[in-house]
Amino acid sequence: MALAALSTAFSFLKVMMNMKQLVATGQAGDGREKALLDHVVKTAEKDNPLSVLNVMDAYAKASGWLMNIGDDKGPILDMALEKYNPRVVLELGTLCGYSAVRIASQLHKEGSKILSFEMSAENCNIARQIIEHAGLSSKVDVVEGKFNERIDVAKKFLEEMNSPYFDFVFLDHWKDRYMPDYLLLKENALVGNGSGICADNMGPIIGPADFRKYVKTHPEELETSEYKSHAEYLWWLPDSVTVSTFKLSTQ
Ligand code: MG
């Protein structure tokens with residue numbers, strides 16, 4: 001057990017030491033994302049989201065650490081989904097599709113769907129295949145690109161979904177983009193009164209200081225609960241997930 005935790009920590013540090021590559025390409029640089037896809041296709045039960053998530057969690061612990069929300073913080077996301085019961089969801093930061101699978105498998109409303117942005121073309125390709133393996137392709141649109149450069153896509157999606165704004169937003173991309181992208185959501189009326197905004201990696205060490213401060217100092221705009229946990233697959237690194245209700249009318 002201790003050896004397995006050490007191996008996960010080593011795999012995490014390898015990614016951190018290669019941060020430049022990660023920021024530039026969205027990938028760790030050692031092929032772990034493609035290896036994950038192969039592993040999921042080979043070992044996870046087809047059309048079974050839970051099986052896909054379990055395989056992804058096991059892979060991230062044993063073979064290559066990945067920035068999924070993971071199995072410890074995942075239940076916080078599940079709880080938020082149960083609370084808001086959304087139909088129209090926006091995700092920023094698909095990576096390999098872990099949270100898209102997790103969210104899509106818990107969307108119960110008729111015609112519910114996620115629009116998920118991912119900057120890396122390779123990750124988009126991997127995520128689409130993993131989502132397909134989980135049997136959830138009809139519920140997830142993975143879009144290549146940065147949200148702030150493709151707001152038109154989000155607006156078009158809302159039009160197609162016949163919804164004035166997103167019911168639920170999951171922030172899980174670069175931490176320095178949480179604050180500016182949240183402001184874009186607000187300015188463009190892509191969130192509305194009652195929208196849920198769930199943010200991963202909001203912990204005191206790794207979280208975005210500006211957005212952390214913002215949610216704490218704007219209770220009239222974001223009614224927020226912080227759930228303390230630890231970083232994905234790393235018990236020794238504190239982390240939090242925040243769940244906020246947007247309380248202003250932007251329409
Ligand atoms: Mg994350």
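The values are calculated or read from the model by the stated rules, or taken from the named source; none is laboratory data. It should be emphasised that the depicted structure is a prediction, and the values quoted were computed from it without experimental measurement. Heads up, the Cβs are rebuilt from the backbone with ideal geometry, glycines too, and the neighbour counts pull from every protein chain shown. Accessible surface areas use protein heavy atoms only, side chains included; no ligands, DNA or RNA. Shrake-Rupley method; radii C 1.70, N 1.55, O 1.52, S 1.80 Å.
I'd like the full set of residues that are under 18 Å from Ala35 (Cα atoms) and either of a type in the set (D, E, K, R) or part of a strand (DSSP E or B) (or both), limited to segment 107-138. Please lay out each step first, then the result.
Residues of segment 107-138 that are under 18 Å from Ala35 (Cα atoms), as a first pass: 120-134.
Matches in segment 107-138: Glu122, Arg128, Glu132.
Give the residue that is nearest to the chain's Cα centre (by Cα), with candidates limited to residues of segment 97-122 that are closer than 17 Å to Val143 by Cβ and among the charged types (D, E, K, R).
Glu118
Examine segment 143-153 for a residue that is farther than 23 Å from Met56 by Cβ, aliphatic (A, V, I, L, M) and more than 16 Å from the ligand (Cβ to nearest atom), and state whether such a residue exists.
Scanning segment 143-153 turns up at least one residue that is farther than 23 Å from Met56 by Cβ, aliphatic (A, V, I, L, M) and more than 16 Å from the ligand (Cβ to nearest atom).
Restricting to segment 139-160, name every residue that is out of contact with any helix residue (DSSP H, G or I) (no Cβ under 9 Å at 6 or more places or on another chain) and either open to solvent by less than 20 Å² (accessible area, probe 1.4 Å) or assigned to a helix (DSSP H, G or I) (or both).
Let us first name the residues in segment 139-160 that are out of contact with any helix residue (DSSP H, G or I) (no Cβ under 9 Å at 6 or more places or on another chain), namely 149-150, 152, 155-160.
Once the filter is applied, which keeps residues that are out of contact with any helix residue (DSSP H, G or I) (no Cβ under 9 Å at 6 or more places or on another chain) and either open to solvent by less than 20 Å² (accessible area, probe 1.4 Å) or assigned to a helix (DSSP H, G or I) (or both), segment 139-160 yields Glu149, Asp152, Lys155, Lys156, Phe157, Leu158, Glu159, Glu160.
Give the residue that is nearest to Leu185 (Cα to Cα), with candidates limited to residues of segment 222-237 that are more than 14 Å from the ligand (Cβ to nearest atom) and in contact with a Lys or Arg (Cβ under 8 Å, 6 or more places away or on another chain).
Going through the qualifying residues, I end up with Leu222.
Quick check on Lys186: is it touching a residue at least 60 places away in the same chain (Cβ under 8 Å) and open to solvent by 40 Å² or more (accessible area, probe 1.4 Å)?
yes
Take segment 124-136 and flag every residue that is crowded, with 23+ Cβ neighbours inside 10 Å and either at pLDDT below 95 or not aliphatic (A, V, I, L, M) (or both).
Across segment 124-136, the qualifying residue is only His133.
Looking only at segment 89-106, how many residues end up being in a helix (DSSP H, G or I), open to solvent by less than 10 Å² (accessible area, probe 1.4 Å) and either closer than 22 Å to Leu22 by Cα or within 16 Å of the ligand (Cβ to nearest atom) (or both)?
The number of residues fulfilling the criteria is 5.
Mind checking which helices (runs of 4 or more DSSP H) fall wholly inside segment 6-88 and carry at least 1 residues that are buried (at least 21 other Cβ atoms within 10 Å of the Cβ)? It would help to see each step written out before you state the result.
On the way: elements: 19-25, 32-43, 49-62, 70-84.
Output list reads 32-43, 49-62, 70-84.
Looking at (1) more than 16 Å from the ligand (Cβ to nearest atom); (2) of a type in the set (Asp, Glu); (3) under 30 Å from Glu226 (Cα atoms), which one does Asp38 not meet, given that it meets all the others?
Evaluating Asp38 over (1) more than 16 Å from the ligand (Cβ to nearest atom); (2) of a type in the set (Asp, Glu); (3) under 30 Å from Glu226 (Cα atoms) leaves (3) as the failure.
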